[in-house]
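Engineer: What follows is a single structure, and I will ask about it in a moment.
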Amino acid sequence: MNISINPIVSLLIFPGGLVLLLSGLAYEFVDRKLVARFQNRIGPRWFQPLADLIKLLAKEEIMPTGVVKGLFIFLPIVAVTAILTAALYVPMFGFKPAFSFSGDLVVTVYLLSLMTLCTGLAGANTEDRFSLMGATRALTQMFSYEAPFLLALLGPAIALGTWNIGQINSAAGHNLWFILAQPFGFIAAVIGLMGKLELPPFDAPEAETEIVAGALTEYSGRGLALFHLGRDIELVIGLTLISSFYLGGLGSPLDFLWKTLILLLVTAGLQSLFARLRIDQTVGLWWRVGSIVVLLQLLAIIIGKVVGPLIPFLARG
Amino acid sequence: MGSEKKPEKFVVSIGPQHPALKEPGHFEFGVEGEVVTSATARLGFVHRGMEKGTESRTWVQNLYLMERVCGICSHVHAMAYAQGVEKLANVQVPPRAAAIRELIAELERIHSHLLWLGVAAHEGGFDTLFMYSWRDRETVMDLLEAITGNRVNYSANVLGGVKIDIDEAKSAALLKGMDFLEKRTQHYMRVVTEDETFLGRTRRIGTMSPELALRLGSVGPTGRASGVPYDVRVDAPYAAYNEFPVKVVTDTAGDLEARFVVRIKELYESFRVIRELVDHMAAGELTTRIPRRMPEGEVVSRVEAPRGELFYFLKSNGSDMPERIKVRTPSLCNWGSILATAVGHKLADMPMILAGIDPCFSCNDRMVLVNRGNNLSTWSWEDLRQHGIEYYK
């Protein structure tokens, strides 16, 4: 849908700032509710994520001894800022991206990983052992899923010959859905997103039975609220990205709604199906299986691109 | 990361307050990266002085106290105590009372094992199995409530028999409940033996050889999963286990998976023996008379709690109060197995190895005096009292 919105409005209210925050909370609710129902629980009420956020924001923020104060305060802000910025290049809610330039796919993926980077730094900043372990795990996990996730997003980009998210989005709608053309890329992208968001079974970096809350153990109040908010928004952006790439593009808000919600249903199902993977199992899974499958698919795409135009030529002899 | 500059060990301490432990214990794991290089345990955070407490209560009052040693296996504690007192008084409980004691003990085993299944799954990050097994556990909790009136401390025992009887309606409810639970348990057996991610967390983790299990004195399902065929119900039958025997379930693997399998197979045995008990229980009296003052003497009473052998020592001086009661719970015997198997595994495996023995903290806690030097000394009662006053000042 091509509606031109005043840049200030698009930054602060829609599709940038406020609406994005609220949709992040809404998607967190849907995710929690779905997982709860899969696990035979009741689940939260619809306003629970918002209530959590307000409560955390109102609480005292305790600064532990031994941290670098500036980092401790700034990391959550940087994380949320990066995520909010990333949203500007993504066709949020089915609308044309607010800003775009050729190659914004790489920038967006980079901005999305800034969240994990900030979490890792936040953990390494404190002296707490659980935080340090969590930070190590978060960064280890990032190094394992980041490459396959990027490669999975590059699949459609290379096939369509553009690295501009907006163009990929509109072109994906006219082609065969990439989930059919590149199924392995789709799987890698969905699982990579779950790894990015540290959802079960990839929640080793914040495994509560081992290392309490991982890298964010020492965070309370505002900082914790911002990190949670950042992750919620990352969930929406990630779902949008994957559905615009692999589920035939997002042409309208209705498209956005049903495609992302179906994707969320899938991820919620995956979250409740498995036992938590140890960090070494996660790394092994990604590097032994994930990357190789995605690389092979990428190779197939490239060969297809090179050989494809030759076929009529060869047939003519 | 101050600790990385110095080559000293990076110690991750778990507990006494930690999300993995719902009861207070303290564990220190030395780690290199993710690999555990050393493990120590410290207990004693919930020491309640119950053994001492028994000495100022009558034999009858103590039944109430001993039932509260453990919140999960309350019935076996009361049963072990009651059996000991009956042995002291040289009283035989009527066969129907013995059968009802066994019935409640087996129901309790089902509830305890299902609870453990959920907790262990949760420690491994498998919350779906946690939620489902606890939902199904409600069936047996409801049955226990219907039979005894209580969900946790059933207080089914009295000295010389039991308080409660099983009528037609309760029998029917029991059989129906067992059918449902058996079906669900078969499903859980498939989950713990076939789910790839779960097997990745349990297979070849925390392996304990039979020799090691014997040397460390492991009891209960922990020992049986390592191939130690020891079960008080079979080796020294009590209550009605002579007429309604159970089979010993063992496994040879000795890893966490084997502990899951052994406990689930024990559930099958419990279902079977409960059905037999309901169908063939002897009719008759529920209690016999028992004196208020016990004759002088010492007895040992052993029962198989869900976690393993529960040991009671009772000493009477001929009055209406005991001279000494000593309780040794199965968890205390199994701590060693954790510390012995932890080294070399990943930190992520620690919660599951901990949960693997089904630890129960409050019932095994005791006062421990650790002497770091060689100055072994004996503390008098006055010293202990003074220490207590100083400690809590």
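The values are calculated or read from the model by the stated rules, or taken from the named source; none is laboratory data. None of these values were measured; they are calculated from a predicted model. Neighbour counts are summed over all protein chains in view; Cβ atoms, including those assigned to glycine, are modelled from backbone coordinates with ideal geometry.
Engineer: Do you know which of the residues in region A:113-146 that are within 11 Å of chain B (Cβ to nearest Cβ) and of a type in the set (A, V, I, L, M) is surrounded by the most Cβ atoms within 10 Å (Cβ to Cβ)?
Structural biologist: Per the stated criteria, the residue is A:Met133.
Engineer: Here's something else I'd like to know. Exactly one of (1) surrounded by fewer than 19 Cβ atoms within 10 Å (Cβ to Cβ); (2) at pLDDT below 90; (3) away from chain A (no Cβ under 14 Å) is unmet by B:Gly344. Its number?
Structural biologist: Answer for B:Gly344: the failing condition is (3).
Engineer: Return the only residue of A:Val107, A:Val90, A:Val68, A:Val78 being touching a residue at least 12 places away in the same chain (Cβ under 8 Å) and over 25 Å from A:Ala147 (Cβ atoms).
Structural biologist: Testing whether each residue is touching a residue at least 12 places away in the same chain (Cβ under 8 Å) and over 25 Å from A:Ala147 (Cβ atoms) leaves just A:Val68.
Engineer: For region B:135-146, does any single residue satisfy the condition of being buried (at least 20 other Cβ atoms within 10 Å of the Cβ), away from every other protein chain (no Cβ under 14 Å) and of a type in the set (Gly, Ala, Ser)?
Structural biologist: Among the residues of region B:135-146, not one is buried (at least 20 other Cβ atoms within 10 Å of the Cβ), away from every other protein chain (no Cβ under 14 Å) and of a type in the set (Gly, Ala, Ser), which makes the answer no.
Engineer: Within region A:274-289, can one find any residue that is hydroxyl-bearing (Ser, Thr, Tyr), surrounded by fewer than 23 Cβ atoms within 10 Å (Cβ to Cβ), out of contact with any His (no Cβ under 8 Å at 6 or more places or on another chain) and outside any loop (DSSP other than H, G, I, E, B)?
Structural biologist: Checked region A:274-289: no residue is hydroxyl-bearing (Ser, Thr, Tyr), surrounded by fewer than 23 Cβ atoms within 10 Å (Cβ to Cβ), out of contact with any His (no Cβ under 8 Å at 6 or more places or on another chain) and outside any loop (DSSP other than H, G, I, E, B).
Engineer: Additional query: Could you run through region A:196-223 and say how many residues are more than 14 Å from chain B (Cβ to nearest Cβ), in a helix (DSSP H, G or I) and buried (at least 22 other Cβ atoms within 10 Å of the Cβ)?
Structural biologist: Counting residues in region A:196-223 that are more than 14 Å from chain B (Cβ to nearest Cβ), in a helix (DSSP H, G or I) and buried (at least 22 other Cβ atoms within 10 Å of the Cβ) gives 2.
Engineer: Further question on the same structure: Looking only at region A:17-53, how many residues end up being within 14 Å of chain B (Cβ to nearest Cβ), outside any helix (DSSP H, G or I) and either surrounded by 15 or more Cβ atoms within 10 Å (Cβ to Cβ) or not β-branched (Val, Ile, Thr) (or both)?
Structural biologist: Qualifying residue count for the region: 4.
Engineer: Having 1 or more residues that are more than 14 Å from every other protein chain (Cβ to nearest Cβ) is the bar; report the helices (runs of 4 or more DSSP H) wholly within region B:148-229 that clear it.
Structural biologist: Those helices (runs of 4 or more DSSP H) span B:168-194, B:210-216, B:220-225.
Engineer: Looking at region A:74-86 only, could you name the residues that are aliphatic (A, V, I, L, M) and either within 14 Å of chain B (Cβ to nearest Cβ) or surrounded by 15 or more Cβ atoms within 10 Å (Cβ to Cβ) (or both)?
Structural biologist: Within region A:74-86, the subset aliphatic (A, V, I, L, M) is A:75, A:77-80, A:82-84, A:86.
Result: A:Leu75, A:Val78, A:Ala79, A:Val80, A:Ala82, A:Ile83, A:Leu84, A:Ala86.
Engineer: Filter region B:109-129 down to the residues that are more than 14 Å from B:Tyr188 (Cα to Cα) and of a type in the set (Gly, Ala, Ser), then identify the one that is surrounded by the fewest Cβ atoms within 10 Å (Cβ to Cβ).
Structural biologist: Checking each candidate, the answer is B:Ser112.
Engineer: Okay, moving on. Among the residues of region B:239-262, write down those that are of a type in the set (Asp, Glu) and either without any contact (Cβ under 8 Å) to a residue 40 or more places away in the chain or out of contact with any helix residue (DSSP H, G or I) (no Cβ under 9 Å at 6 or more places or on another chain) (or both).
Structural biologist: Initial filter on region B:239-262 (of a type in the set (Asp, Glu)): B:243, B:251, B:255, B:257.
Once the filter is applied, which keeps residues that are of a type in the set (Asp, Glu) and either without any contact (Cβ under 8 Å) to a residue 40 or more places away in the chain or out of contact with any helix residue (DSSP H, G or I) (no Cβ under 9 Å at 6 or more places or on another chain) (or both), region B:239-262 yields only B:Asp251.
Engineer: Is at least one residue of region B:285-300 over 19 Å from B:Glu182 (Cα atoms) and in a helix (DSSP H, G or I)? I'd like the intermediate steps shown before the answer.
Structural biologist: Restricting attention to region B:285-300, the residues satisfying the condition of being over 19 Å from B:Glu182 (Cα atoms) are B:285-300.
Within this subset, residues satisfying the condition of being in a helix (DSSP H, G or I) are none.
Looking for residues that are over 19 Å from B:Glu182 (Cα atoms) and in a helix (DSSP H, G or I), one finds none in region B:285-300, hence no.
Engineer: Shifting gears a bit: Spot the failing condition for A:Thr136; the list is (1) under 18 Å from A:Tyr219 (Cα atoms); (2) under 19 Å from the mean Cα position of the chain (by Cα), and only one is missed.
Structural biologist: Unmet condition: (2).
Engineer: Where the second residue is part of a strand (DSSP E or B) and the first is of a type in the set (Gly, Ala, Ser) and lies in region B:318-332, which pairs have Cβ atoms under 9 Å and are six or more apart or on separate chains?
Structural biologist: So the pair list comes out as B:Gly318/B:Gly297; B:Ser331/B:Gly308.
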